[in-house]
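Undergrad: Mind looking over this structure? Questions follow.
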Amino acid sequence: MKKSRAKTIQIFLPNGNPRGVKFAEVTNRTVQAILIPRSLLNTVKDRIEVKNVALYFLFGNNDEDTRTEAYIGEAEVGYDRLKQHNAGKDFWETAVLVVTNNNQNQFTKADVKFLEHLAYHEAVSAGRYTINQTVPTNPFIPEWRKEDLADIFETISLLLGTLGYPIFESYRDTQEEVLPNEEDKELFYCNRRDTKAFGKWTGDGFVVYKGSMMSSGPLPGFESKLEKHNEKIRKLLAEGILGEQNGRYVFLSDHPFNTPSAASSFVLQGASNGWTDWKDKHNRTLDELKRKDL
């Protein structure tokens with residue numbers, strides 16, 4: 001994996017509100033990401049930046065989803081397209097417009113169509129967000145320009161992650177690794193009872209990996225939490241994160257939980273202390289390896 005290099009990112013708050021509109025850019029780069037809460041859309045209507053050709057993202061949650069929903073698009077005039085979506089799409093709460101901050105080197109329509117196509121496929125591959133839209137077309141772009149746009153895309157990914165929307169970042173280093181790798185020192189297992197689950201403690205919480213199998217049924221003493229637990233199972237099934245195989249629930253994609261105990265309680269379907277129920281291949285607990293050595 002390519003080593004990340006240090007970056008300096010500037011965030012400008014035009015209204016001085018940390019929960020309001022934000023302009024983010026990497027120093028010495030020409031691409032700029034503008035985060036706009038839906039309720040503040042009218043406050044940016046007179047800014048020249050939002051009137052340029054743009055790639056844009058819409059983000060939102062509802063009570064039925066466990067994952068954030070996202071929509072990716074392109075527009076000749078970014079603000080005008082957001083106004084249309086404000087009238088026509090209900091789900092979103094926040095928009096991010098991506099434009100260039102160089103008046104002499106603006107995006108072309110073909111540029112943003114290419115970035116839209118690339119962004120869609122990278123977001124679907126990462127699997128963090130629910131993407132419900134048709135596949136964007138892939139326009140003809142000269143090879144030299146594709147290289148420039150691929151470099152720009154890396155900056156876009158960095159800016160989105162900094163603004164709180166890591167839509168292109170996988171929960172693991174590679175999507176091809178489905179089964180647990182015995183050489184992976186960071187992998188932890190929960191094998192109590194007939195549970196066969198594995199995952200990692202990360203910056204996103206404890207991520208249960210694709211291929212993990214939950215216990216065959218709830219443990220005694222879990223009755224008071226069973227209704228809420230079953231509701232979460234229903235949501236994960238509806239989103240395709242869980243599936244059923246031979247009468248058992250199996251993770252069909254990686255999924256994060258806020259804490260190790262939330263993850264272990266879910267897969268065990270019973271009360272659990274995740275710091276002691278998650279163990280590495282040498283039977284050392286997560287507590288021993290991640291808390292006691294601090």
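Undergrad: Once both axes come from the Cα atoms, what is the angle between helix 143-162 and the longest principal axis of the chain, in degrees from 0 to 90, rounded to 10?
TA: Taking the Cα atoms of the chain, the angle to 143-162 is about 60 degrees.
Undergrad: Also, quick follow-up: Report relative contact order for the chain in percent, whole number only (criteria: Cα-Cα under 8 Å, sequence separation at least 6).
TA: Reported relative contact order: 13 percent.
Undergrad: Which whole-number percentage describes the relative contact order of region 76-214, with Cα contacts under 8 Å and a sequence gap of 6 or more?
TA: After rounding, I find 16 percent.
Undergrad: Between GLY60 and residues 5 or more places away or on another chain, which pairs have amide H atoms under 5 Å apart, with H built 1.01 Å from N, and which residues are they?
TA: Amide H neighbours of GLY60, under 5 Å, 5+ apart: GLU69, GLU93.
Undergrad: Among GLU186, GLU143, which comes first, then next, by fewest other beta-carbon atoms within 10 Å?
TA: By the 10 Å Cβ count, ascending, the order reads GLU143, GLU186.
Undergrad: If you filter region 221-294 for trypsin sites (Lys or Arg not before Pro), then keep DSSP loop positions with at most 16 other Cβ within 10 Å, what is left?
TA: Listed in order of number, the matching sites are LYS281, ARG284, ARG291, LYS292.
Undergrad: Specify whether the C-alpha gyration tensor of region 188-290 places it in the rounded, prolate or oblate class, a ≥ b ≥ c being the square roots of the eigenvalues: rounded for a/c under 1.5, otherwise prolate if a/b is larger than b/c and oblate if not.
TA: prolate
Undergrad: Using the basic label-point model (7 angstrom from Cα toward the beta carbon), what is the TRP144 to ASN102 distance in nanometres?
TA: In this crude spin-label approximation the distance works out to 1.4 nm.
Undergrad: Rounding to the nearest 10 and keeping the result within 0 to 90°, find how far the Cα-based axis of helix 226-238 lies from the longest principal axis of the chain.
TA: Its long axis makes an angle of about 50 degrees.
Undergrad: Relative to the first principal axis of the alpha-carbon coordinates of the chain, what is the inclination of helix 78-88, with its axis defined by its Cα atoms, in degrees from 0 to 90 and to the nearest 10?
TA: Long axis of 78-88 versus the principal axis of the chain: about 60 degrees.
Undergrad: Hey, another quick one. Going by C-beta contacts inside 10 Å, put HIS85, HIS255 in order with the fewest on the left.
TA: Ordered by Cβ neighbours within 10 Å, fewest first: HIS85, HIS255.
Undergrad: With no solvent and one point per C-alpha, what does the Debye sum give as log10 I(q)/I(0) for region 37-86 at q = 0.16, 0.22 Å⁻¹?
TA: Cα-only, vacuum Debye calculation for region 37-86: -0.50, -0.82.
Undergrad: Which one is right for this structure if Rg and Dmax of the Cα atoms in Å is calculated from it: [x] 21.6, 68; [y] 20.6, 68; [z] 18.1, 55?
TA: Matching the structure shown: [x].
Undergrad: For region 9-162, count the residues as N, evaluate 2.2 N^0.38 Å, and divide the Cα radius of gyration by that value, please.
TA: Normalised Cα radius of gyration, region 9-162: 0.99.
Undergrad: For the chain, set up a GNM with springs between Cα atoms under 10 Å and report which of LEU236, LEU226, LEU163 has the largest fluctuation.
TA: Taking springs between Cα atoms under 10 Å, the residue moving most is LEU226.
Undergrad: At a threshold of 8 angstrom on Cα-Cα distance, excluding pairs fewer than six apart, so keeping six or more, what relative contact order does region 188-290 reach in percent?
TA: Relative contact order of region 188-290: 31 percent.
Undergrad: On a C-alpha basis, how far is the centre of region 235-267 from the centre of region 104-122 in Å? Whole number, if you could?
TA: 35 Å
Every number here is computed from the coordinates shown, using simple stated rules; none is lab data. Because the structure is predicted, anything quoted here is derived from the model rather than measured. Please note: Cβ atoms are built from the backbone with ideal geometry, for glycine as well, and neighbour counts cover all protein chains shown.
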